[in-house]
Every structure is written in structure tokens, then in C-alpha cells.
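The values are calculated or read from the model by the stated rules, or taken from the named source; none is laboratory data. Remember, it's a predicted structure, so these values are computed and weren't measured experimentally. Counting neighbours? That spans all protein chains shown, and the Cβs are built from the backbone with ideal geometry, glycine included. Just the protein is used for accessible areas: all its heavy atoms, side chains included, with ligands, DNA and RNA removed. Shrake-Rupley method; radii C 1.70, N 1.55, O 1.52, S 1.80 Å.
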Amino acid sequence: MNAPQIAVYPGSFDPLHNGHLDIIKRCCPLFDEVIVAVLGNQTKDALFSVAERVGIIRSEIDDLEACRVEGFSGLLVDFMDREGARIIVRGLRAVSDFEYEFQMALMNRRLNSRVETVFLVPKDEYIYLSSRLVKEVYFLGGDLEGLVGATALERLAKKGQEAEKVDPRGG
Ligand SMILES: Nc1ncnc2c1ncn2[C@@H]1O[C@H](COP(=O)(O)OP(=O)(O)O)[C@@H](O)[C@H]1O
Ligand SMILES: [Mg+2]
């Protein structure tokens, strides 16, 4: 029997939004197992801790069999070796993503020649969506209905309340 094909979908996911979830749902039927891998390397710039980001994702993938979420730091290819995974899944939104993704794919292949990167394209309505925009729109009071899940919205609200406690002017 062939070894199970395990794919890793790595990213910051700060927080997970529906564009990410769309990619996860598209790749689950393609592989035996999908691991959503939350990168903790640059945690100081992130709004949510790795544990918080993992928690948000876990609540959204609850009903997806053969899909789990893990936090990791260090090199992605080392994490993949530990998990027995050979495939990296990345989402491609627009030409602007291409150069960076191309470099990463080639670097990861250089670091581990057994690793292949595959790119999936989201539903067109999510093409413009990013975690950065989600945070900006949320904290400016915009409506994120249909763009992020309930748990992410709830956690964003909690972050907003925590910030108000630190600076009652809403800082
Ligand atoms: N709206 C979206 N539609 C499809 N894929 C997306 C979208 N936003 C981000 N992605 C993809 O999801 C992955 C993780 O993105 P992100 O959380 O921004 O982490 P990273 O810091 O690795 O870019 C990347 O492959 C990114 O291109
Ligand atoms: Mg990104």
C-alpha cells in the first residue's frame, strides 16, 4: 500500500478567514490528511498568539475529517519531516502573491528535495481577503459578515475589549 499523502497548509492565520477556510476545504478531498500549520516564528507582530490562532482554526475545522491543526516554529520542512508530510499547500490570490510564493516554493524544495508545493485558488469572492484587512476593517467598525467565522469574530471582540481596558480611550 502507498504511504498516506499528508499535506501541510502553513501560514500565519492571524486570524483564519474564509479565504483560508476555502483553501482548506478544497484541499481536504485531495489528500489523505491535511495539517493546518500555524507558524509561530514572528509571533511578536501577530495580534493573536499561536495558541489562540490554533483555537480559532480548530473550531472551524471541527467537522472536517482527516484535517487537524498544529502550531510550529522553525523550518517548515523540518516540521514536515516530523509529520511525514511531503506536500505544501498554499493559496494564490493574485499576481501580487506570485513572486513571494515562487521563491518560497523553490527554497523549500532546495531545503528538502522531496517536498512539492501545490497552489490552490480560492472562490473569487475571497480573492481580496487577507488577515491584515480583516483586522483593519474590524477595528474600524466595519462589517465582516461572510468573511470570517464566528469564533474569529468573537476573539476579535475580546481583543478589542482587552485593548480598551489597557487604554480606556480605545487606544
Ligand atoms: N483570501 C485568500 N484566499 C486564498 N488563499 C489565501 C487568502 N489569504 C491568504 N491565503 C493563503 O493562505 C496561506 C496563509 O496565508 P497567511 O495567513 O497570510 O500566512 P503567510 O504569513 O504565510 O502569508 C498563504 O498561502 C496565502 O497565500
Ligand atoms: Mg500572507
- Item | Selection status of Tyr138, away from ligand 2 (no atom under 16 Å from the Cβ), farther than 16 Å from Pro10 by Cα and either among the acidic types (Asp, Glu) or open to solvent by less than 70 Å² (accessible area, probe 1.4 Å) (or both) | yes
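Right, Gly55: in a loop (DSSP other than H, G, I, E, B), more than 13 Å from ligand 1 (Cβ to nearest atom) and out of contact with any Cys (no Cβ under 7 Å at 6 or more places or on another chain) or not? So that I can check it myself, show each step before the final result.
Numbers: in a loop (DSSP other than H, G, I, E, B): no; more than 13 Å from ligand 1 (Cβ to nearest atom): yes; out of contact with any Cys (no Cβ under 7 Å at 6 or more places or on another chain): yes.
Answer is no for this residue.
Take the residues in the stretch 92-109 that are among the polar types (S, T, N, Q) and farther than 13 Å from Ile127 by Cβ, then tell me which one is most open to solvent (accessible area, probe 1.4 Å).
Residues of the stretch 92-109 among the polar types (S, T, N, Q): 96, 103, 108.
If we keep only those that are farther than 13 Å from Ile127 by Cβ as well, we get 103, 108.
Numbers: Gln103: 109, Asn108: 17 Å².
Across the stretch 92-109, the extreme among qualifying residues is Gln103.
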- Query: Just for the stretch 1-18: of the residues that are assigned to a loop (DSSP other than H, G, I, E, B) and modelled with pLDDT of 95 or more, which one is surrounded by the most Cβ atoms within 10 Å (Cβ to Cβ)?
  - Reply: Leu16
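Residue by residue, here is whether (1) near ligand 1 (Cβ under 8 Å from one of its atoms); (2) touching a residue at least 24 places away in the same chain (Cβ under 8 Å); (3) open to solvent by 10 Å² or more (accessible area, probe 1.4 Å) holds:
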residue: His20; (1), (2), (3): yes, yes, yes
residue: Cys28; (1), (2), (3): no, yes, yes
residue: Glu33; (1), (2), (3): no, yes, yes
residue: Val50; (1), (2), (3): no, no, yes
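Scan the stretch 54-99 residue by residue and report those that are of a type in the set (Phe, Trp, Tyr) and at pLDDT 95 or above. Quick ask: steps written out before the conclusion?
The initial filter retains those residues of the stretch 54-99 that are of a type in the set (Phe, Trp, Tyr), namely 72, 79, 98.
Once the filter is applied, which keeps residues that are of a type in the set (Phe, Trp, Tyr) and at pLDDT 95 or above, the stretch 54-99 yields Phe72, Phe79.
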